[in-house]
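What follows is a set of notes on a single structure, which appears directly below.
The values are calculated or read from the model by the stated rules, or taken from the named source; none is laboratory data. Note that the coordinates shown come from a computational prediction; the quantities given were computed from them, not determined experimentally. Cβ placement follows ideal geometry from the backbone for every residue including glycine, while neighbour counts extend to all protein chains displayed. For accessibility, only protein heavy atoms count, side chains too; no ligands or nucleic acids. Shrake-Rupley method; radii C 1.70, N 1.55, O 1.52, S 1.80 Å.
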Amino acid sequence: MSDEVKKFFSSLLQKINGLKAIIISDRDGVPILKLSLDGKFPELGTKQQFLATFTIATDQSSKMLLGQNKSIILMYKSTTVVQLNKSPLIITFVGTENCNTGHILSLDNEIDKYIGEYKVILDRD
Amino acid sequence: MLKPKVLTNVLSQANTGGVENTLLLNNDGALLAFSGFHNKDARITSAIASNVWSAYEKHGHNSFREDPLQFLIINCEGGNVIVTQVANLLLCLYANTDNLGILKTKISKLKEKLEIPLQSIQT
């Protein structure tokens, strides 16, 4: 991914309280961009199997008569995971239990500006 | 002895401020108790909520440091669904509002209230 996109997501790691890692992957959970605050990735929320679970979850959630699924927030005892549906991309934010999820969700439109071109490329393929 | 009428009354207390349905279901997605406006939606919601919960819960148990799933929030264009575990059952709020904070507070308080009574019927 371009330096501009990397720079933007790296700045989010610094800005958002409690955020540890950001992973951009495709629908199969294959990572395209992986960023973390200290070079280490938490075990929960960063594996391909976990990332791919979102594909099934978002498809099913869109059938609950509440419209298209936008995101899924998971609050584990010591980990918070926010997965955004940017089909065909999945953006996963992994943080501590005190991670500011409201801040992450409010960045929805800003994230669209940066990843828009990649969505077009992947859709074409 | 579980009193279904009382249980439904407790669940209905959460049905304010955009919360349409409050559901109590088992891990297989079968509806145990329900309070709300759309009966048909409730069965679909419970089936999907339990399925998504189980898919993510296993990742928490499989991780090196046991990290149980406490809350699941499904954020859709038209509203939100929040799920948590109470005893060995799942409690679920279906809302057409975007106020995630109030939804989490509501479900936490309901969980507190139901935890002990429901533990007595745990199988």
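Structural remarks
- On full extension, the segment bounded by A:L65 and A:L37 gains 6.3 nm, given 0.36 nm per residue less the C-alpha separation.
- Interface burial for B against A (accessible surface, 1.4 Å probe, total of both chains, Å², rounded to 100): 2800
- FRET efficiency, B:E112 to B:K5 (Cβ-Cβ, R0 25 Å, nearest 0.05): 0.75
- Diffusion coefficient of the range A:3-124 by Stokes-Einstein, Kirkwood radius over Cα pairs, 10 °C, 1.306 mPa s: 110 µm²/s.
- Heavy atoms of B:S120 accessible to a 1.4 Å probe, total area in Å² rounded to 10: 100
- Long-range amide H partners of B:C76 with built H, under 5 Å: A:K70, B:V81
- Relative counts (whole %) of C-alpha pair distances in the protein assembly as shown, using bins that are 10 Å wide: 7, 32, 34, 19, 6, 1, 0
- For the protein assembly as shown, with +1 on Lys and Arg beta carbons and -1 on Asp and Glu, the positive-most of A:N69, A:I115, B:A33 along the dipole: B:A33
- Rel. contact order, % - alpha carbon contacts under 8 angstrom, at least six apart, chain A: 26
- Shape call, the range B:1-100: gyration tensor on alpha carbons, a/c limit 1.5: oblate
- Among B:T84, B:T97, B:T16, the largest mean-square fluctuation in a Gaussian network model of chain B, built with springs joining Cα atoms closer than 10 Å, belongs to B:T16.
- Estimated inter-spin distance, B:E77 and A:D3, nm [label 7 Å along Cα→Cβ]: 3.8
- Residues of chain B: accessible area per residue with a 1.4 Å probe, Å²: 49
- Inter-site label distance for B:E66 and A:H103 at 7 Å from Cα along Cβ, in nm: 3.2
- Residue-averaged beta-carbon neighbours from other chains (10 angstrom radius) around B:73-86: 5
- Qualifying lysines (Cα of each under 29 Å from Cα of A:K34; at least 8 residues distant if same chain): A:K6, A:K7, A:K15, A:K20, A:K47, A:K70, A:K77, A:K86, A:K113, A:K119, B:K58
- Within 10 Å of each Cβ in A:40-49, the average number of Cβ atoms from other chains: 3
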